[in-house]
1. Could you list, in sequence order, all residues of the range 41-68 that are within 9 Å of the ligand (Cβ to nearest atom), touching a Gly at 6+ places or on another chain (Cβ under 8 Å) and under 18 Å from A156 (Cα atoms)?
2. Return the residue satisfying two criteria in turn: it lies in the range 124-168 and is under 14 Å from the mean Cα position of the chain (by Cα) and among the small types (G, A, S), and of such residues it is farthest from the ligand (Cβ to nearest atom).
3. Can you find a residue that is open to solvent by less than 50 Å² (accessible area, probe 1.4 Å) and not hydroxyl-bearing (S, T, Y) anywhere in the range 3-10?
4. When residues of the range 145-157 are filtered for being closer than 18 Å to S44 by Cα and crowded, with 16+ Cβ neighbours inside 10 Å, how many remain?
5. How many residues are more than 16 Å from F28 (Cβ to Cβ), hydrophobic (A, V, I, L, M, F, W, C), touching an Asp or Glu at 6+ places or on another chain (Cβ under 7 Å) and without any contact (Cβ under 8 Å) to a residue 60 or more places away in the chain when one looks only at the range 116-168?
6. So which residues in the range 80-124 are open to solvent by less than 50 Å² (accessible area, probe 1.4 Å), of a type outside the set (A, V, I, L, M, F, W, C), at pLDDT 95 or above and not in a loop (DSSP other than H, G, I, E, B)?
7. Say whether the condition of being in a strand (DSSP E or B) and either away from the ligand (no atom under 11 Å from the Cβ) or not aromatic (F, W, Y) (or both) is met by at least one residue in the range 69-77.
8. Restricting the search to the range 69-79, which residues are over 12 Å from the mean Cα position of the chain (by Cα) and buried (at least 20 other Cβ atoms within 10 Å of the Cβ)?
Amino acid sequence: MVNLMRCSMTLDLEAKKVLLRKIPHGLFICGVREGDEINGFTASWVTQGSFEPPLVVMAVRSEGSSHGIIERTKHFSLNVLRADQKELAAVFFKPQSAMGGRFESAPFRYGELGLPLLEDAIGGVECELVGQVVHGDHTVFVGEVKSAHLNQDGDALNLASTGWSYGG
Ligand SMILES: Cc1cc2nc3c(=O)[nH]c(=O)nc-3n(C[C@H](O)[C@H](O)[C@H](O)COP(=O)(O)O)c2cc1C
């Protein structure tokens, strides 16, 4: 009986969109590196997944250029933007002429794991990939936080404040 009900159920797409867009999100710059090549992109589908070990969960578009790099290198960084860094977030989601070009707008250094960390952000963490869910147009990556660098604490940029939406 339950199964029959499930089969005949149709998803209310408008309700789904409205409700999923209520999930609050921050805005982060994910950094990746493969050999000499670096890249970074704006990510909002990010959350913490465990205290011990410290885990973060991030969904990455399967067709993006960083996706394959994370799968192959099994590492990524997450940089936490300041509340006044909306323009920088925009640089990191717009198309770029060449891989890594977005970092021309933002000074960075490499962390202990060799991943790009923005100098002018609240800070950043470097993560080692410990799991992934491949299902749908984004892959859910789970990373264990291996290093954490706090530049200067302050209010972080969040998606709601930008007027942009990514979700639904
Ligand atoms: C507000 C906003 C939030 C975004 N959040 C994500 C995200 O969580 N995951 C993701 O894969 N892409 C996200 N994107 C899209 C990427 O930033 C964008 O596709 C980027 O060009 C990918 O770069 P890449 O192909 O060089 O990896 C977001 C875009 C915007 C505008």
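The values are calculated or read from the model by the stated rules, or taken from the named source; none is laboratory data. Everything numeric in this text was worked out from a predicted model, so none of it was measured. Backbone-built Cβ (ideal geometry, glycine too); neighbour counts: all protein chains shown. Surface accessibility is based on the protein's heavy atoms, side chains included, excluding ligands, DNA and RNA. Shrake-Rupley method; radii C 1.70, N 1.55, O 1.52, S 1.80 Å.
1. F41, S44, W45, V46, M58
2. G124
3. The first filter runs over the range 3-10 and keeps only residues open to solvent by less than 50 Å² (accessible area, probe 1.4 Å), leaving none.
No: zero hits.
4. First, pick out the residues of the range 145-157 that are closer than 18 Å to S44 by Cα: 145, 155-157.
Pick out the ones that are also crowded, with 16+ Cβ neighbours inside 10 Å and you get 145, 156-157.
Residues flagged as closer than 18 Å to S44 by Cα and crowded, with 16+ Cβ neighbours inside 10 Å within the range 145-157 amount to 3.
5. The total comes to 0.
6. R102, P116, G123, G124
7. yes
8. Taking the range 69-79 and keeping what is over 12 Å from the mean Cα position of the chain (by Cα), we get 69, 71-75.
Within the range 69-79, I69, H75 meet the criteria.
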